[in-house]
Each structure stands twice: as C-alpha cells, then as structure tokens.
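The values are calculated or read from the model by the stated rules, or taken from the named source; none is laboratory data. The shown structure was predicted, so the numbers you read here are calculated from the model rather than taken from an experiment. Cβ sites come from the backbone with ideal geometry, for glycine too, and all protein chains shown count toward neighbours.
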Amino acid sequence: MMKKNKNLIIIISVFVGTLLILGSILLIHNYTNSKAKEIYDSYVIVKDVNKDSIVVEDANTKDTKTYITDGSNFHEGDLVEIQSEGNKIQEYKVIVDGYAKMTTNPIIVIDPEETTTTTSEPNTTTITTNNTTRTTTKNNTTVKSTTVVKTTTKTTVSSKDETVLRYVEAEYQTTKNGDNSVTFKEKAKKAFITLVDFIFYDGEIKGVKFKELQAKTKAKVIYYTLLIDSAIDTKFPGYKDTISDKYKDIKAKLIAEFLDIKYEVCQKSTDDCAQANDDFKLLKTSLKLTWDVVKGTFIYVKNLTVPKIKSWYESFRG
C-alpha cells in the first residue's frame with residue numbers, strides 16, 4: 001500500500017512538473033511573439049548608409065540603431081519617419097532629404113518634458129507641457145508614439161490686431177474681386193508690396209508695425225498675403241517679375257515665415273493652433289502646395305529643428 005502511494009505521488013509530481021514546464025514555455029513564447037510584434041513609430045536622422053543597411057539616430061532619444069534595409073533608398077542626413085519591428089523597417093517616409101546638411105543645429109528632443117510660461121506677448125496664458133505615451137492597436141500589432149499635452153486658453157485680440165486684420169481682409173476681398181485692367185494690376189501690386197514691407201521690412205499699416213502684433217495675428221496676416229499673391233498671379237501671371245529684386249522668391253519666404261509663426265502659436269494655445277492649422281490646410285489647397293514645395297522653403301526658416309518639421313509634416317498630411 002505504501003509503495004502504491006509512493007508511486008502515485010511520483011506520478012502526480014511528474015505530471016505537475018510537466019505542466020509547469022509547458023506553461024512556462026507557452027508564456028515565454030507568447031511574450032516573445034508579443035515583443036516581436038511591437039512596432040515603434042519614430043523620427044530618425046540617417047547617420048550612415050550601406051548597401052543593405054542604414055545607421056540612424058533617434059531624434060528623440062538620440063540612441064543609434066542599425067536597420068536591415070535597402071540603403072539605396074536613403075542618404076546621409078535624411079530626416080525619416082519610420083515604423084520598425086526589431087531591426088527591420090516596416091514603413092518609412094523621407095520627410096526632409098539631407099536635413100542634417102541644411103542646418104548646423106544639434107538634433108533636438110522632439111517632445112521634451114517641460115513647464116513653461118508664455119513670452120511677453122499680451123493676452124496669453126501659462127502653458128503646461130508634459131509627455132504622455134499613446135498606445136494603439138493596429139492589425140494585431142502595438143504602435144507606440146509620444147504626444148504632448150498642453151493646457152492653455154485662447155488669446156484675445158487687441159485693437160492693433162483688429163485694425164490690421166480688417167485692413168488685410170479688405171485688401172484680399174478687393175484683390176479677389178478685381179478685374180484684369182492695368183489700373184487694377186498696379187493697385188494690387190502696390191497692396192502686395194505694402195504687405196511684404198510690413199511683414200519683412202519694418203513697414204507700417206495704419207500706424208502699426210508687424211512686430212507689435214500677437215503671433216496668431218501675424219500668421220493670419222501672412223495667410224491673407226499669400227492668398228492675395230495667388231489672386232494677383234492668377235490674373236497677371238509672373239507679375240512679380242516687374243517689381244524689385246527684393247520681392248523675388250517672396251512666396252517661399254512668406255510660407256517659411258508662416259510656418260515659423262504657426263509653430264510658435266501652437267506652443268502657446270490649442271485653440272489658436274487649430275485655427276492656424278486650418279489656415280495651413282486652406283493654403284495647401286489654394287496654393288496647390290506639395291510637401292516638396294514646403295520643404296523647399298526650409299532654407300528661409302529661422303532655427304530649423306526636428307520638432308518644427310515634425311509639427312509641420314503632421315499638420316500637412318493631416
């Protein structure tokens with residue numbers, strides 16, 4: 001009897017041990033598969049290109065990593081958005097060709113954790129910014145990315161801002177509804193020059209200077225100026241060829257200035273940022289902007305950084 005009980009205990013022990021081993025193997029297998037399916041969404045700078053691989057630096061963490069991929073699709077210095085699984089790239093988009101060669105600025109962390117206050121611009125509020133991690137499920141895979149949470153309130157508009165806004169809105173309506181006469185062409189050209197001088201050359205409109213305006217108003221002024229330029233060019237193609245050289249390539253300079261100010265606006269107020277993004281979408285349609293055209297304006301951007309490009313690209317593709 002004792003012998004039978006002993007044998008039974010051994011059999012049960014072996015059975016339980018086997019179950020534990022199988023359970024451990026299954027857990028390890030599931031964990032490994034889960035890790036293998038984890039896809040990371042990130043922005044990287046290409047540091048080195050080989051035939052079958054690239055070495056990149058993460059624009060957020062600054063960690064370097066090697067990916068197995070066709071190197072002919074990349075160039076050293078490219079800014080690339082990638083989705084990767086392990087050391088393999090699942091999807092990618094070259095955001096800016098040769099970004100690292102366009103600027104001497106160091107790579108800046110994309111979404112730094114910070115608490116800041118606004119500049120001396122009136123009628124704005126304190127901003128609280130911090131990192132959060134967003135995890136979404138797509139095709140049974142996990143996509144991880146970082147977003148920023150801001151706490152702001154909408155800014156109000158001063159009398160100076162209202163005065164200038166009324167002026168540029170009226171000029172836009174006049175230009176849009178104008179005829180094709182030589183007289184109108186000269187009047188429209190003069191209006192455009194006045195606006196460009198106001199934005200870039202310390203000119204005045206109704207006794208107000210551009211630097212006195214709030215950021216969101218500056219963005220709106222440039223928005224209307226670009227629409228005015230487009231309306232004139234539609235009626236009188238190449239009209240800027242007949243004015244001073246300082247207005248050459250002014251469309252690209254205006255777009256760059258708009259992007260710079262839009263980024264500033266979006267750091268300060270979520271409501272005003274939404275309006276600036278809507279205006280950007282309207283400009284994209286009205287001016288038939290492609291991402292290549294937008295990239296071409298980066299030579300005029302002040303302090304070109306990865307966070308700015310990330311913001312503009314995500315807004316553009318929105």
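Couple of notes before you dig in:
- All of Tyr172, Tyr201 fail the test of being within 23 Å of Val293 (Cβ to Cβ), assigned by TED's automatic domain parsing to the domain that holds Thr297 and of a type in the set (Ser, Thr, Tyr), apart from Tyr172.
- Pick from the stretch 246-276, criterion within 24 Å of Lys288 (Cβ to Cβ) and charged (D, E, K, R), ranking: surrounded by the fewest Cβ atoms within 10 Å (Cβ to Cβ): Lys248
- For Ala191, the stated conditions do not hold, so it cannot be described as of a type in the set (A, V, I, L, M, F, W, C), part of a helix (DSSP H, G or I), out of contact with any strand residue (DSSP E or B) (no Cβ under 7 Å at 6 or more places or on another chain) and loosely packed, with under 14 Cβ neighbours inside 10 Å.
- Any hit, the stretch 200-209, residues being part of a helix (DSSP H, G or I) and either out of contact with any Phe, Trp or Tyr (no Cβ under 9 Å at 6 or more places or on another chain) or at pLDDT below 95 (or both): no
- Answer from Lys3, Lys88, Lys93 - the residue that is modelled with pLDDT of 60 or more, more than 20 Å from Ile309 (Cβ to Cβ) and charged (D, E, K, R): Lys88
- The set of residues in the stretch 223-250 that are of a type in the set (Asp, Glu) and over 17 Å from Gly178 (Cα atoms) comprises Asp241, Asp245, Asp249.
- Within the stretch 182-219, the set of residues being in contact (Cβ under 8 Å) with a residue 40 or more places away in the chain, under 24 Å from Tyr239 (Cβ atoms) and basic (Lys, Arg) comprises Lys185, Lys189.
- Residue match in the stretch 284-300 (condition: within 18 Å of Ile95 (Cα to Cα) and among the basic types (Lys, Arg)): yes
- Check on Ala219, surrounded by fewer than 22 Cβ atoms within 10 Å (Cβ to Cβ) and in a helix (DSSP H, G or I): no
- Matching residues, the stretch 83-103, being farther than 24 Å from Thr297 by Cβ, touching a residue at least 40 places away in the same chain (Cβ under 8 Å) and not charged (D, E, K, R): Gln83, Ser84, Gly86, Gln90
- Flag for Glu186 being among the acidic types (Asp, Glu) and under 22 Å from Glu162 (Cβ atoms): no
- Taking first residues from the stretch 148-175 that are under 30 Å from Asn60 (Cα atoms) and among the aromatic types (Phe, Trp, Tyr) and partners that are part of a helix (DSSP H, G or I) and modelled with pLDDT of 60 or more, no Cβ contact under 8 Å between residues at least 6 apart in sequence or on separate chains turns up.
- Meets criteria (at pLDDT 60 or above and touching a His at 6+ places or on another chain (Cβ under 8 Å)) for Val49: yes
- Residue in the stretch 240-248 that is assigned to a helix (DSSP H, G or I) and at pLDDT 95 or above present: no
- Selection from the stretch 61-105 of residues that are among the aromatic types (Phe, Trp, Tyr) and either exposed (fewer than 13 other Cβ atoms within 10 Å of the Cβ) or not in a strand (DSSP E or B) (or both): Phe74, Tyr99
Yes/no matrix, rows are residues, columns are (1) under 22 Å from Val44 (Cα atoms); (2) in a helix (DSSP H, G or I):
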residue: Glu264; (1), (2): no, yes
residue: Gln275; (1), (2): no, yes
residue: Asp279; (1), (2): no, yes
residue: Lys284; (1), (2): no, yes
residue: Leu289; (1), (2): no, no
residue: Asp292; (1), (2): yes, yes
residue: Lys295; (1), (2): yes, yes
residue: Ile299; (1), (2): yes, yes
residue: Leu304; (1), (2): yes, no
